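The values are calculated or read from the model by the stated rules, or taken from the named source; none is laboratory data. The shown structure was predicted, so the numbers you read here are calculated from the model rather than taken from an experiment. Glycine gets a Cβ as well: all are built from the backbone with ideal geometry, and neighbour counts include every protein chain shown. With ligands, DNA and RNA removed, areas are computed over all heavy atoms of the protein, side chains included. Shrake-Rupley method; radii C 1.70, N 1.55, O 1.52, S 1.80 Å.
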Number of protein chains: 2
Amino acid sequence: MATTDRQLVEQWRSIQDAYFRTSCAIDRALEAKFDIGLNEFEILDLVAESSETACRMKALGERTPMTQSAVSKVVDRLERAGLLARHSCADDRRSLFLELTDAGRALHKQAAVEHRAVLKENLS
Amino acid sequence: MATTDRQLVEQWRSIQDAYFRTSCAIDRALEAKFDIGLNEFEILDLVAESSETACRMKALGERTPMTQSAVSKVVDRLERAGLLARHSCADDRRSLFLELTDAGRALHKQAAVEHRAVLKENLS
DNA sequence: TCAAGCTATATGACACGTCATTCAATGACA
DNA sequence: TGTCATTGAATGACGTGTCATATAGCTTGA
């Protein structure tokens, strides 16, 4: 009972610790080298990953813990930074279809290497 | 190489997922039942845990990933809510010594039960 | 004992996330 | 086809976290 609770809390703290250490490390590295944060990278990564299918915005919302409005704002920033473009979708004019620009694709390629490297350093 | 990267990313995603699911669940539960957030609870928990020693503020900063200024603000809110009090420290008048109020202690006791319960539901 | 530096905390500006709301487009059904 | 509900996305108000700084108290050494 008490020991179970203790173990639970221990387990939770270790998850928190791994999460904070790693996400801060990624964030700092990406911020320093590419001037984008972790969430920006995650979106770039998702878009890069699924460069086939259309109508992304919606899909992104489903693949990330971020809110729809958060996604919208991250995409704003990426678009302003010239890394990503919104295209309207022919078959459903409410939907938007996202695509990396050349700059975005290039940056993502480098950032992904960095990202994996930081993961390697920080995860068991 | 590629497979290692893939595994790394998988591992990272699973940590992220566990972290988000669990922290959101705790946050919602505490927010709904006790009107405090996760960080507020963590601070209450830390203070409750070490109710012996003095000059807490500093010590808290070392036991949490939060920034010193974040801790200061969380303590502000807890103090405003009447759950916690700052006492000045006799031997070093820069330091502050934190103490749960009766209300704080009572709330922490209940909230801790809830906290452990949510952990149990969300962790393997 | 006084200056210079260090330490503990608070505060203000700012970035970013959430929630609630809005708006346009779509679907469904009479 | 016209109305009503629903869906995809954007926006504004707001809370909370971070960084840089301010402030007060402590310490050290001449």
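Taking only the Cα atoms of the protein assembly as shown, the radius of gyration and Dmax are 21.6, 72 Å. Rounded to the nearest 0.05, what FRET efficiency do B:Arg94 and A:Cys24 give with R0 = 25 Å and r taken as the Cβ-Cβ distance? Could you check? Step by step, r from the Cβ atoms, then E = 0.35. Mind running the shape call on the stretch B:1-72? Use the C-alpha gyration tensor, a ≥ b ≥ c as the square roots of the eigenvalues: rounded below 1.5 for a/c, prolate if a/b tops b/c, oblate otherwise. Oblate, since a/c reaches 1.5 and b/c is not below a/b. Taking every residue in B:41-48 and counting other chain Cβ atoms within 10 Å of its Cβ, the average works out to 0. Taking 25 Å as the straight-line reach from the Cα of B:Lys58, the lysines in range (excluding those fewer than 8 positions away in the same chain) are B:Lys73, B:Lys109.
Per residue, the Cα convex hull of the stretch A:2-122 amounts to 124 Å³. Loop-located GluC sites (Glu not before Pro) in the stretch B:6-61 (DSSP state not H, G, I, E or B) with no more than 12 neighbouring Cβ atoms inside 10 Å: B:Glu52.
Based on Cα contacts under 8 Å between residues 6+ apart, the stretch A:2-122 shows a relative contact order of 28 percent.
Taking each DSSP H run with n ≥ 4 as -39500 (n - 2.57) and averaging over every residue of chain A yields -23500 deg cm²/dmol at 222 nm.
Note on B:Lys120: aspartates and glutamates with a C-alpha under 15 Å away, same-chain residues under 8 apart excluded, are A:Asp5, A:Glu10, B:Asp27.
For the peptide B:112-122, the mean number of other protein chain Cβ atoms found within 10 angstrom of a residue's Cβ is 3.
Here the stretch A:56-124 is treated with +1 on each Lys and Arg Cβ and -1 on each Asp and Glu Cβ, and its dipole about the Cα centre works out to around 80 debye. The length gained on full extension between B:Ser14 and B:Arg63, counted as 0.36 nm times the residue separation minus their Cα-Cα distance, comes to 15.2 nm.
Give me the percent of the accessible area of the protein assembly as shown that comes from carbon and sulfur atoms, probe 1.4 Å, all protein chains in place. For the protein assembly as shown, the apolar C and S fraction of the accessible surface comes to 50 percent.
In this assembly, the A-B interface accounts for approximately 2500 Å² of buried accessible surface in total, computed with a 1.4 Å probe and without ligands, DNA or RNA.
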